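Scroll down for the structure; my scribbles are underneath it.
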Amino acid sequence: MRISYYIADPTGNITLLIETPVERSDYALTAQKLMALEPRAEQAGFIGSDENGFFLNMAGGEFCGNATMSAAAVFALTQGIEPGEKADITLNVSGAEKPVKVTVSANKNGSFSGEVEMPLPKNITDREFCFEGKKYTLPVVEFEGISHIIAEGAFNGKAAEKVIVEWCGFLDCPCLGIMFADFEKSTLSPLVYARDAGTLFWESSCASGTTAAGIYLSQKKGEDIDIALTQPGGDLRVKVNKNSRPLLCGSVIVEKRETVEL
């Protein structure tokens, strides 16, 4: 089967966007094969359009803000956007109950600036976790397709790698991120596990995790938040206002389109 896909770079979180129609039952296997061919890739999604408009379905069924921004940039390209122009793209995205609006601006250097109206979380709760005989009470920001634990120095990354699969099962969520946040330094290190896709990555950046961190910080402080968090791949900015959806601001480069035989 010939598969066509785009390679996108949203703040280092290399994403494969597969445009060839694939049965949902084959999503995980197709994504695994393509990611083996593209070792830089951290995630994969399937894009297209139907009677409901543009869509993005992640291989693991999760919601991903970086992939959403990337897909919007691809759709804007296919619609003929020119440098200096702006486009509003609405997508139906896995893990999001309602369509997601993205505003993309085409820059003269070939990149895109994007603003994603992120979904609101279903719950923000403190949960008790266990690891090696110790108990940790950590905040969990639960979205429809992914949950994020906000870890402010509670334990280290090696421990997180050991427990994230178990904790994902404990929380009964399809995907789990552990966000190592330092709000004083405005940094974020994201570890993300996607159960159905079978992937575990220290991601270069995580849009939903950035949003979760911003929402948590806004609730903790009791005020609106506008914060840029530096991650291994660069900065992502989140704006949290009690009167609107969280707004995730970042950039993406659509590197190229490839076709391979699988």
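The values are calculated or read from the model by the stated rules, or taken from the named source; none is laboratory data. All values reported here derive from a predicted model rather than from experimental measurement. Cβ placement follows ideal geometry from the backbone for every residue including glycine, while neighbour counts extend to all protein chains displayed. Ligands, DNA and RNA are stripped out before the accessible areas are found, and what is left, the full protein with its side chains, is counted by its heavy atoms. Shrake-Rupley method; radii C 1.70, N 1.55, O 1.52, S 1.80 Å.
Structure notes:
- Evaluating A36 against the criteria (1) among the small types (G, A, S); (2) within 18 Å of E261 (Cα to Cα); (3) in contact (Cβ under 8 Å) with a residue 12 or more places away in the chain leaves one unmet condition, (3).
- Under the condition of being closer than 21 Å to K122 by Cα and either part of a strand (DSSP E or B) or open to solvent by less than 70 Å² (accessible area, probe 1.4 Å) (or both), the residues counted in segment 78-98 number 6.
- For segment 106-126, taking the residues that are open to solvent by 60 Å² or more (accessible area, probe 1.4 Å), of a type outside the set (S, T, N, Q) and not in a loop (DSSP other than H, G, I, E, B), the one that is nearest to P83 (Cα to Cα) is identified as E115.
- Segment 28-75 - residue that is modelled with pLDDT of 95 or more and of a type in the set (F, W, Y) and, of those, surrounded by the fewest Cβ atoms within 10 Å (Cβ to Cβ): F55
Residues checked against (1) touching a residue at least 60 places away in the same chain (Cβ under 8 Å); (2) under 15 Å from the mean Cα position of the chain (by Cα):
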{"site": "G133", "(1), (2)": "no, no"}
{"site": "P139", "(1), (2)": "yes, no"}
{"site": "E144", "(1), (2)": "yes, yes"}
{"site": "F170", "(1), (2)": "no, no"}
{"site": "F183", "(1), (2)": "no, no"}
{"site": "S186", "(1), (2)": "no, no"}
{"site": "Y193", "(1), (2)": "no, yes"}
{"site": "T199", "(1), (2)": "yes, yes"}
{"site": "T210", "(1), (2)": "yes, yes"}
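- Residue in segment 185-202 that is most open to solvent (accessible area, probe 1.4 Å), counting only those that are of a type outside the set (A, V, I, L, M) and modelled with pLDDT under 95: R195
- Of the candidates D172, D224, D235, the single residue that is open to solvent by 30 Å² or more (accessible area, probe 1.4 Å), under 30 Å from K108 (Cβ atoms), out of contact with any Asp or Glu (no Cβ under 9 Å at 6 or more places or on another chain) and among the charged types (D, E, K, R) is D235.
- Check on L16, hydrophobic (A, V, I, L, M, F, W, C) and surrounded by fewer than 17 Cβ atoms within 10 Å (Cβ to Cβ): no
- Which numbered condition F129 misses (of (1) outside any helix (DSSP H, G or I); (2) crowded, with 21+ Cβ neighbours inside 10 Å; (3) in contact with a Phe, Trp or Tyr (Cβ under 6 Å, 6 or more places away or on another chain)): (2)
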